[in-house]
Amino acid sequence: MINKVPESEIQNQIEYINKIKTLGEKRNYCINTMGCKLNEADSEKLCGMLDSMGYTQVEEFEYANIVIFNTCSIRENAEEKVFGKLGELKNIKEKNNMIICFAGCMSQEPHVIEKIKKSYSQVDIIFGTHNLYKFPEMLYNKLTNNNQKRIVDVWDIDGEIYEGLPIKRQSKTQASIIIMNGCNNFCSYCIVPYVRGRERSRQPEDILFEVNELAKDGCKEILLLGQNVNSYNPREGYSFANLLADLDKIDGIDIIKFTSPHPKDFKADVIDVIANSKKISRVIHLPLQSGSSKVLQSMNRGYTKEEYLDLAKRIKEKIPDALFTTDIIVGFPGETEEDFEDTLDVVRKMDYEQVFMFIYSVRKGTRAEKMEGHIPEDIKSERFNRLKALADGMLEESMNKYVGTTQRVLVEGESKTNKDMLTARTSSNKIVNFEGPKDLIGKEIELKIVSQHVWYLKGIIE
Ligand code: SAH
Ligand code: SF4
Ligand code: F3S
């Protein structure tokens, strides 16, 4: 049984938020979020706290007095980027009287903390993924004690679940809800179990309460998040399938999505709940990682090529309109040309809607780091390009199928690239841009699809 952070401790943090507010300083903050949707959801919590302190969010570092890096350690290039940005801030730190905070998955890695201590004196506060709720206290201590040296508070034990601190949601109609945190799978390439700790599930009552409140407030779509959502296990006798069924009953919520499930934990009861629901998205993310049973075994994924294909078949039998997306790692240690062909074979057979592709990146402390047979960079890139060509072709084909059809979409907001256009999403997750009045935002409408542009479709109101 996972403990929650005691109510008194949350109250304590709310008091720190109020104390900061009464300091009356007008500060701007800027938050830089890297990595996955879990980090984005954590950033919504940090923004919620900062807004409640009376601070204003800005998009550019230049105008900020508080900067937070919410970091990701999944691949090497994510790490390199953040150190580059830290370097850039050195010059404006003094001018802006800036407090620089370093948070997220990278802070859980001891070698990163050492590097900051040695070479990045501009960082004022370092906190990890387990104690994010203590941010108000850390910030208050920094603000009220000018001489205080850098605050470093990173826990290497699993944090407890916490409820009740403010969240600043990016959208009124769509909400991300973390249902579990951490991972017990230890895939041999992956850093996540080391930086996010063991699996902890939120209690269903807390999740249902939150979603009910969101629905009353006009939210239409929820995205359930966790490193491994289908091993959601808050207590004996209550599973991910139970949670989906309970959420399905909430009036006002029209679309339920989740990510990421693990193929080895995708049980028949979950397939049944999706099949019987009108709200749960038919786009199922089913991370493959490799199509070779030999590579899958050394990745410690817990399924073979055949078991994966069989799972997809069972899903399709019960949910004929299911569509699949996936994650694939190219160039895992020991991957032969034959193994890679197996991956291409599965990609062809699965006819994925979308493939998220990654070149294998060595992570310190993982089992794969010490494996034999690391693949040279040129072979990794060559395989990556071949997989990409196959996936791009499939994407184009799948997008072509939409042209000429009428699709029911949820209007999300203004298009990011063209303010005169609105952007919407089909139930299969395709972006559709169209011209229309702004009061359609948050509504479900029908659009006729007139053309496809690789990453998005263009539609018109008929
Ligand atoms: N829990 C999720 C994955 C989260 S990480 C799952 O199991 O599906 C997102 C993706 O990053 C993974 O699916 C994997 O494809 C990729 N990834 C993880 N570690 C990696 C590494 N060391 N190198 C390259 N890609 C990696
Ligand atoms: Fe990483 Fe595997 Fe856990 Fe996903 S399931 S977070 S890939 S260890
Ligand atoms: Fe990155 Fe941490 Fe997510 S390592 S992918 S931000 S869980």
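The values are calculated or read from the model by the stated rules, or taken from the named source; none is laboratory data. Since we're looking at a predicted model, the values are computed, not measured. When we count neighbours, we look across all protein chains shown, and the Cβ atoms used for this are built from the backbone with ideal geometry, even at glycine. Each accessible area value is taken on the protein alone, full model and side chains, heavy atoms only, with ligands, DNA and RNA left out. Shrake-Rupley method; radii C 1.70, N 1.55, O 1.52, S 1.80 Å.
Looking across the range 103-150 at every residue that is free of Cβ contacts under 8 Å to residues at least 40 places away in the same chain and of a type in the set (Lys, Arg), the one that is nearest to ligand 1 (Cβ to nearest atom) is identified as Lys115. Within 17 Å of Phe135 (Cβ to Cβ), open to solvent by less than 10 Å² (accessible area, probe 1.4 Å), more than 15 Å from ligand 3 (Cβ to nearest atom) and not acidic (Asp, Glu), is that true of Ala103? When the stated conditions are applied, Ala103 does not pass them. Checked against the criterion of being open to solvent by less than 30 Å² (accessible area, probe 1.4 Å), in a strand (DSSP E or B) and either more than 29 Å from Ala368 (Cβ to Cβ) or of a type in the set (S, T, N, Q) (or both), the candidates Ile256, Ile271, Ile284 yield just one match: Ile256.
Note on the range 404-462: residues that are open to solvent by less than 70 Å² (accessible area, probe 1.4 Å), basic (Lys, Arg) and over 21 Å from Cys219 (Cβ atoms) amount to 2. Considering each residue of the range 153-162 in turn, at least one proves to be under 19 Å from the mean Cα position of the chain (by Cα), modelled with pLDDT under 90, more than 15 Å from ligand 3 (Cβ to nearest atom) and surrounded by 15 or more Cβ atoms within 10 Å (Cβ to Cβ). The set of residues from the range 372-399 being charged (D, E, K, R), within 23 Å of Gly334 (Cα to Cα) and either loosely packed, with under 11 Cβ neighbours inside 10 Å or out of contact with any helix residue (DSSP H, G or I) (no Cβ under 6 Å at 6 or more places or on another chain) (or both) comprises Glu372, Glu377, Asp378, Lys380, Glu382, Arg386, Lys388. Residues that are assigned by TED's automatic domain parsing to the domain that holds Ile113 and either within 18 Å of the chain's Cα centre (by Cα) or of a type in the set (Asp, Glu) (or both): does the range 135-150 have at least one? Among the residues of the range 135-150, at least one is assigned by TED's automatic domain parsing to the domain that holds Ile113 and either within 18 Å of the chain's Cα centre (by Cα) or of a type in the set (Asp, Glu) (or both), which makes the answer yes. Condition test on Leu214, is it at pLDDT 95 or above, open to solvent by 20 Å² or more (accessible area, probe 1.4 Å), among the hydrophobic types (A, V, I, L, M, F, W, C) and more than 16 Å from ligand 1 (Cβ to nearest atom)? Yes. Screening Leu23 against (1) surrounded by 16 or more Cβ atoms within 10 Å (Cβ to Cβ); (2) in contact with a Leu (Cβ under 8 Å, 6 or more places away or on another chain) leaves a single unmet condition, (1).
Taken over the range 169-197, the criterion of being over 16 Å from Ser107 (Cβ atoms), within 15 Å of ligand 2 (Cβ to nearest atom) and open to solvent by 10 Å² or more (accessible area, probe 1.4 Å) is satisfied by Ile178, Cys183, Asn184, Asn185, Phe186, Cys187, Tyr189, Cys190.
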